[in-house]
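One structure is given below, encoded as structure tokens.
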Amino acid sequence: MRGHQGASSMAHPRPYRGVFPVAPTIFHEDGTLDLDGQRRCIDFMIDAGSQGLCILANFSEQFVLTDAERETVMQAVLAHVAGRVPVIVTTTHFASHICAERSRRAQDLGAAMVMIMPPYHGATFRVGEPAIEAFFQKVSQAISIPIMIQDAPVAGTPLSPAFLAKMAREIDNVAYFKIEVAQAAAKLRTLLELGGDAIVGPWDGEEAITLMADLDAGATGSMTGGGYPDGIRTIIDPYLAGDREAAKAAYERWLPLINYENRQCGLAAAKILMKEGGVIASAAVRHPLALPHPAAQAGLIELARERGAMVLNWGL
């Protein structure tokens, strides 16, 4: 029985679609949390057209935060957004009960959805499909909002389309899937073929580097970096409105910047652009991470400026 067609679908009768970028976690130069900067980051991302946001993801440097800092960021962001857009909170943890507790806490504070990777730790700690299914079942039993399963290489856990479709059909609230592995479009297409209506949200990720192929495969949402949601909107909006040619032209325009973020600057890209545009005071990432070479930062800013990205003017 499809549980999410019950309580959770009544609470969210319209599927979430469109551009839901990952919000970076903002730090002062000394590495401490900058909550004022975090709020400005969120305001910019909403002003730039984000139809929703994701916090505490890998691109948010969730892995360098303490549990107390995660709670602080989650409270600050959800209170500041105050329902303006839906917020997805990443609650990934290896332990089933901790992931369930994190997810319940996110729901209680107003999260629209939680995003979770399958249990993993390091290079070798993995569990098989029965344990993964039981893990998501335990989390689902703790909440009534949708769960997005994040299928990403960092987890190192094979998740076949058949297995994902099975969980979508059988586990309450499992309804969204962020596919950012190699050959993502092929996987999305197969997932939709196998899962049918149980796949409420087939989404892509990885900074939209494969966005056009993924849209052609049936993706209805994209979780990108947070630096230029205005640019990503020019691709997704016409596509979902049925104008593939306009979407393709926009994708070709923004692809050099998307590629530069994906291949050169990574999770620092959004913060580099936000600092350049006066959104935040510091682009600091937490040690042992380091910012890209200044030349790489300059290349990113150049590409964003050539495309008129809102981020470079928002705070000036």
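Where a number appears in this text, it was derived from the coordinates with a stated rule and is not lab data. Predicted, not measured: the structure shown is a model, and the values here were computed from it. Here the Cβ positions follow ideal geometry from the backbone for every residue, glycine too, while neighbour counts run over all protein chains shown.
Scanning segment 264-316 for residues that are farther than 20 Å from Gly37 by Cβ and in a helix (DSSP H, G or I) yields a count of 10. The numbered conditions (1) farther than 17 Å from Ala219 by Cα; (2) buried (at least 17 other Cβ atoms within 10 Å of the Cβ); (3) not charged (D, E, K, R) are all true for Pro130 except (2). Sort out which residues of segment 124-150 are without any contact (Cβ under 8 Å) to a residue 40 or more places away in the chain and not aromatic (Phe, Trp, Tyr), and write them in order of number. Within segment 124-150, Thr124, Arg126, Val127, Gly128, Glu129, Pro130, Ala131, Ile132, Glu133, Ala134, Gln137, Ile149 meet the criteria. If only residues of segment 240-263 that are acidic (Asp, Glu) and either part of a helix (DSSP H, G or I) or in contact (Cβ under 8 Å) with a residue 40 or more places away in the chain (or both) are counted, the one that is nearest to Val311 (Cα to Cα) is Glu261. Kindly check whether there is at least one residue in segment 240-251 that is crowded, with 21+ Cβ neighbours inside 10 Å and of a type in the set (A, V, I, L, M, F, W, C). Looking through segment 240-251, at least one residue is crowded, with 21+ Cβ neighbours inside 10 Å and of a type in the set (A, V, I, L, M, F, W, C). Scanning for something farther than 21 Å from Ile88 by Cα and within 20 Å of the chain's Cα centre (by Cα), does segment 139-156 turn up at least one residue? Looking through segment 139-156, at least one residue is farther than 21 Å from Ile88 by Cα and within 20 Å of the chain's Cα centre (by Cα).
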